[in-house]
Number of protein chains: 2
Amino acid sequence: MNNQPVRYKILSILKENNQIFTSGEEISKTFNLSRTAIWKHIQELKKEGYEIFSVPKKGYQIQKSPDVLTEEEVSRYLKTTDFARDYCYYVSLGSTNTIAKQIAESSNAPEGTVIVAEEQTEGKGRMGRQWVSLKNKGIYMSIITRPKIPINRAPQITLMLATVVARFISNHYHVPAKIKWPNDILIHQKKVCGILVEMSSDLDSIHYAILGIGINLNQTAGELNMIENQHYMPTSIRNETDIVVNRRVCFANLLLELERAYQAFIENGFTAFKDLWEEYAYSIGKEITVHTHSSIIQGTLLGITDQGALSLVGKDGETQVIYSGEIVL
Amino acid sequence: MNNQPVRYKILSILKENNQIFTSGEEISKTFNLSRTAIWKHIQELKKEGYEIFSVPKKGYQIQKSPDVLTEEEVSRYLKTTDFARDYCYYVSLGSTNTIAKQIAESSNAPEGTVIVAEEQTEGKGRMGRQWVSLKNKGIYMSIITRPKIPINRAPQITLMLATVVARFISNHYHVPAKIKWPNDILIHQKKVCGILVEMSSDLDSIHYAILGIGINLNQTAGELNMIENQHYMPTSIRNETDIVVNRRVCFANLLLELERAYQAFIENGFTAFKDLWEEYAYSIGKEITVHTHSSIIQGTLLGITDQGALSLVGKDGETQVIYSGEIVL
């Protein structure tokens, strides 16, 4: 944080003295900058959403910080050790997964590097589908990891993440979040979160895996109605609970749970998550229809295999294992 | 081939008339170029290794083509339909796999695009190891594919390729080529070929898989002795058979077998290759030692599983399945 922009250093002073006015002259002496320069930095902060009173002869006083996911705003809530130690924040970008892949490919970005954006203009879902990411309304992030696991276990990563997010939403917002295999989280059959894990690997090892997570938090019913998507009905935490979520706090808490789960998964494997997955699974024990690349399969959902495949039992009593496909609601 | 360089158009004329001299004047009229320009193109061809007689007042006559893997030289032997339809030739580069990944990532390079180099300065093997690629002595290539198979089947690609190469070497050069799981081909316990499949994927699909194959053909015993490598003893077809291999013909024949095998694998799956793999496997039915990430395992090699894992039976009679590791010679 030493090389943070001057405006954030000024912000720190205002935050420390948020009960009183801090004079422009004092700030100007601290940073050896002109009063005009200080005024310009304050304007920058206002543009970023900080509400700052400025009263002639008294100085500046901060009233309110915006609910943005800048490192400045998020860092005081973060309790992770590895995740988000390296942090890349974007107001707007195409897709956090795409940027994360470029960073992972071209540098030795450490495990846990987080790319987060207030808005994605080309948010991605499975099978090249779109994920609509309204500005400042959700959490759209990608985490760069370098898991030392065989590639046949890679599909477990998605299931582990889905388990963590479903549990997180259920516990924090008291709504029945359910995992729709393989990578969606639903509340009342509507999609609140999508997960997209992309990786680069050879036969022996995963070079990197990008954990992409998009969660709808504060989208209103009106905003959700405007999302055109033929693949799912969207919802948000706010739409389901009437709670306006503090995104910074939500982000920091979620990231901590993700880090702990990821570390447990790498150290102890998938077994613990398998049971948890089945606890949060959508339609377990019920009749479901799955569309695969080549066929339509009906049966009772038993659970998942150790490899993350869906396990169904058909009317003929035979168990089927499905590696790739989609549950039809 | 219409946008081929002028020198290759001149070369075609010389090849068509290789029993006689073709006058510089005639060539100069055909291409509407000066005699000096033609002479310069001939010098270029000589630099590339073409032996061309030039006799005053008679003209030019080609004596011999170099054994290089340019599109010009390879195309008349190629019988593939998809593989090498797009062809990138390099005299020297770092690694064909690295370039192939860049091409696959940044463009819609079609399935079967081939990257080939006369020399790799940073040839890669498994686990970040080096693969020494002496200039004009072997085949060093990468094929861009976009297989529509689930990622848990990806390790089968390496095994399928190993099967094809082992059979190819055995049939064409009458030496006992054996597959050392997962990705090496040995002759008399020395390494003649390495395979490195790298891929980019998400949970559902492989974005691209790069099939990297390096085969030692014409390295002499002296050249092989100079290769410093602590991981394997190298050999070449020439070293084992005293045959100096026509690399162009070898390359074209191998590529045809690879294309047919790849198409069969995508259409019909791995089953046919599994049996063939076991036919060419090194040490099948014998006692072997495998180093894995975490342990050393001894047992009798039974074969491979459908997923491409090694199957061993220990002295206690229990079967072990190994997904990643290395057979110690």
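Since every read-out is calculated from the coordinates, none of them should be taken as a lab result. Keep in mind it's a predicted model, so treat the numbers as computed, not measured. Because the Cβ atoms are built from the backbone with ideal geometry, glycine has one as well, and the counts that use them run over all protein chains shown.
Other protein chain C-beta atoms within 10 Å of residue C-beta, averaged over B:319-329: 2. Treating each Cα of the range A:287-328 as one equal point scatterer and applying the Debye formula with no solvent, the log10 of I(q)/I(0) at q = 0.15 Å⁻¹ comes out as -0.29.
Quick check on the exposure proxy: order A:Ser201, A:Ser23, B:Ser28 from fewest to most C-beta atoms within 10 angstrom. Don't skip to the end; give the middle numbers.
Working: A:Ser201 22, A:Ser23 14, B:Ser28 17.
The order, fewest Cβ neighbours first, is A:Ser23, B:Ser28, A:Ser201.
Across the range B:1-78, Cα-Cα pairs farther apart than 16 Å form 47% of the total. In the range A:159-231, the C-alpha radius of gyration followed by the widest Cα-Cα span (Dmax) gives 14.6, 48 angstrom. The modelled label-to-label distance for the pair A:Phe31/B:Val313, using points 7 Å beyond Cα in the direction of Cβ, is 7.6 nm. For a quick check, take a GNM of chain A with Cα springs below 10 Å and name the residue from A:Gly112, A:Gly24, A:Gly285 with the largest mean-square fluctuation. Among A:Gly112, A:Gly24, A:Gly285, the largest GNM mean-square fluctuation belongs to A:Gly24.
Note on B:Ala264 and A:Ile13: the model spin-label points, each 7 Å out from Cα along the C-beta direction, lie 7.7 nm apart.
In whole percents, the pair-distance distribution calculated for the range A:76-121 from its alpha-carbon pairs, binned every 5 Å from zero, is 5, 22, 29, 22, 17, 6, 0.
Can you tell me the relative contact order of the range A:1-157? Whole percent, Cα pairs under 8 Å, sequence separation 6 or more. Walk me through the numbers before you get to the answer.
Working: 213 pairs, mean separation 25.8, N = 157.
For the range A:1-157, the relative contact order is 16 percent.
FRET efficiency for the A:Met127 to B:Met127 pair, using the beta carbon distance and R₀ = 30 Å, is estimated at 0.40. Of all DSSP-defined beta bridges confined to chain A, some 90% are antiparallel rather than parallel. Taking amide H as placed 1.01 Å from N in the peptide plane, the amide H of B:Val192 sits under 5 Å from that of B:Ile185, B:Leu186, B:Ile187, B:Thr235, each at least 5 places away or on another chain. Checked against a 30 Å cut-off, the cross-linked pairs B:Lys64/B:Lys135; B:Lys47/B:Lys191; A:Lys46/A:Lys178 give Cα-Cα distances beyond that limit for B:Lys47/B:Lys191; A:Lys46/A:Lys178.
Centre-to-centre, using Cα atoms only, the range B:165-221 and the range A:260-314 are separated by 36 Å.
Selection among A:Cys193, A:Ile206, A:Ile144 by position relative to the dipole of the range A:71-280 gives A:Cys193 as farthest towards the positive end (Cβ unit charges, Cα centre).
For B:Lys274, the aspartates and glutamates whose Cα comes closer than 18 Å to its Cα, not counting residues fewer than 8 places off in the same chain, are B:Asp184, B:Glu257, B:Glu259, B:Asp306.
Pairs of Cα atoms nearer than 8 Å and 6+ residues apart set the relative contact order; for chain B it is 14 percent. What the phi angles of the range A:176-184 give under the Karplus curve with 6.51, -1.76 and 1.60, with θ = phi - 60°, is a coupling list of x, 7, 10, 8, 9, 3, x, 9, 10 Hz, glycine and proline written as x. Considering only the Cα atoms of the protein assembly as shown, their convex hull presents on average a projected area of 39.7 nm². Counting, for every residue in A:152-162, the Cβ atoms of other protein chains within 10 Å of its Cβ and taking the mean gives 3.
Residues whose amide H lies under 5 Å from that of A:Asp202, counting only those 5 or more places away or on a different chain, are A:His207, B:Met199; hydrogens are built 1.01 Å from N in the peptide plane. Comparing Cα centroids, the range A:75-103 and the range B:80-121 end up 33 angstrom apart.
Peptides A:114-122, B:45-53 ranked from most to least packed give A:114-122, B:45-53, packing being the mean of other C-beta atoms within 10 angstrom over each peptide's residues.
For the range B:46-60, backbone phi angles converted through the Karplus equation (6.51, -1.76, 1.60; θ = phi - 60°) give residue-by-residue couplings of 4, 4, 7, x, 6, 8, 10, 6, 10, 10, x, 6, 9, x, 10 Hz, Gly and Pro being listed as x.
By the Cα gyration tensor, the range B:1-148 has an equivalent ellipsoid whose semi-axes, rounded to whole angstrom, run 35, 17, 13 from largest to smallest.
Derived scalar couplings between HN and Hα for the range B:208-217 equal 7, 10, 9, 9, x, 9, x, 10, 7, 10 Hz in order, rounded to whole Hz, by the Karplus curve 6.51 cos²θ - 1.76 cosθ + 1.60 (θ = phi - 60°), x for Gly and Pro. By the compact-protein rule of thumb, 2.2 N^0.38 Å, the alpha-carbon radius of gyration of chain B corresponds to a ratio of 1.13.
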